[in-house]
1. Expressed in nm to one decimal, what extension gain is obtained for the pair ASP271 and SER448 from 0.36 nm per residue of sequence separation less their Cα-Cα distance?
2. Whole Å is fine, so just give me how far the alpha carbon centre of segment 368-385 lies from that of segment 280-341.
3. Does segment 351-468 come out rounded, prolate or oblate, given a ≥ b ≥ c as the square roots of the eigenvalues of its C-alpha gyration tensor, rounded meaning a/c under 1.5 and, failing that, prolate meaning a/b above b/c?
4. For the cross-link pairs LYS103/LYS322; LYS322/LYS404; LYS182/LYS416; LYS222/LYS452; LYS222/LYS327; LYS347/LYS461, which exceed 24 Å when the distance is taken from alpha carbon to alpha carbon?
5. In whole Å, how far is the Cα centre of segment 172-198 from that of segment 397-432?
6. HIS160 accessible area, nearest 10 Å², 1.4 Å probe?
7. Ordering ASP246, ASP203 from largest to smallest accessible area (1.4 angstrom probe), what's the sequence?
8. Could you order LYS167, LYS430, LYS83 by accessible surface area, starting with the largest, using a probe radius of 1.4 Å?
Amino acid sequence: MHKTAQYSKAAPRQRTLDQDLRSDKEEISPNQKPEDSIHRRDFIKRTGLAFAGVAAASTFLPSVRRGMAAGTNPTEITFSSAKFFGKETIAEVVDAYNSSQNKIHVTYKELPPPSSSTEVHQGLVQQLARRNGDPDVFTQDIIWIAEFAAAKWALPLDEHFNAEVMKEYFPGVVQACTWQGKLTALPWFIDSGMLYYRKDLLDELGAKAPETWGELIDSAKKLISAGKAKFGFLWQAKQAEVLVCDLVSFVGSNGGSILGPDGKTVSIADDAAVEAVQLMHDLIKKDQITPEDVLSWDEEPSRGPFTGGEAAYLRNWSYVWKISQDKANSSVVDKVGVVPLPHFPNKKSAACLGGYQYGVNASSKNKEAAIEFVRWMSSPETQLRFATQIGLCPTRSAVLDDPKIAQEQPFMQQLKPVFIGAIGRPVTPKYPQVTLVLQSEVSRALTSGNVKAALQTAKDKIQAIVKT
Ligand code: GLC
């Protein structure tokens, strides 16, 4: 979904209204009558092409809008989002919205990719704190919803999306979009950490996909010593948000947690968490199935060697599937399986809940238009488009069951229970401070090996943050 292209493709095009109007003049064919455009637009609406035939439709939709928009004054709104892309860019999806109607025109402002979580967060906070209504609509990582709601930057949406409508979405995501009883975000997509493995290599060993960490370590060691894999297990330990995502799944796979459901009881120095972080350390230093390089790797650097055929296992998000099956970018096409992450003996697998959700700026001067736009962005048709074109897992149950997803992203349906059972990171308006403590103390634990002491420090610092 969001991460390959940032390394391999030019930045997506962003249109401003000005450019739009300018290119209208340049591109309208002298032979084209406005009626032609109207007919084409009606045809698209009737056939559903605007949503379904994405590749074909998006190339001619802009000209359709131009015909319709002539002489009208659409309401202008702005939309900020972290950069995600696969076969399409967000800019192209926004173009399609602009072309699908003539009442609202959205200008897309691109933020850095989601792996630069801290930068995206800072960018948004700076914009929202001005309370000047710009951007009208934004997307937010699931971990910022409480903060943005508590600061009253996000408009409560309950009166526009009632409980009946919200039943169409997975309950866990609706819960994550709700702060103190108010719906302050509208679901976009869910993400979840999962284990990618080399089917061919495990077949050679006569092994099945591992269910426990012990099984993963054994098979990885065998594959490395037989010279079949350069790396055993790749994951992400860079001092960044993704380290906390990995932490959640390691700790959860031993029945532990970071912060209790009351948002006040800090459990990161409990035995279950200490054992889990010790395992993270040992994978690198003792078992040596994870290279030291992961200490500076986030999602993409860890994905590269796996799709390059050098690693037996990879923990990553759903975006990796499409890349792994793409001959142009992968040497492991048809050799990859995806399963839930392993767990400690007699414990359960745990996946970290990720994903971005829509927010409407409480200071927006065009709230109605903003709400219309998020309604379209979160609609079944657009969610299907995001799933098949950008690899973003739908938050609507019915969309996830769509046969087109079985075709394009088969693991999404296979791992439905993983997606909907994923564990959240701590829910607190102070999350930005909590995550920085976790990132630095867990990094310290991994490099120093002094796990217990680092986690005790993390606990003390987090306790001081959440008690206020
Ligand atoms: C993914 C997840 C997001 C997480 C980020 C960390 O984009 O969807 O929730 O914070 O990765 O890198």
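1. 61.9 nm is the gain from fully extending ASP271 to SER448.
2. Segment 368-385 and segment 280-341 have Cα centres separated by 33 Å.
3. Note, shape of segment 351-468 comes out oblate.
4. With Cα atoms farther than 24 Å apart: LYS103/LYS322; LYS182/LYS416; LYS222/LYS452; LYS222/LYS327; LYS347/LYS461.
5. Going from one Cα centre to the other spans 8 Å.
6. 70
7. ASP203, ASP246
8. The ranking, largest first, comes out as LYS167, LYS430, LYS83.
The values are calculated or read from the model by the stated rules, or taken from the named source; none is laboratory data. Note that this is a predicted model, so its numbers are computed, not measured. Every residue, glycine among them, receives a Cβ derived from its backbone with ideal geometry; neighbour counts consider all protein chains shown. Remember, those area values only see protein heavy atoms, side chains included, never the ligands or the DNA or RNA. Shrake-Rupley method; radii C 1.70, N 1.55, O 1.52, S 1.80 Å.
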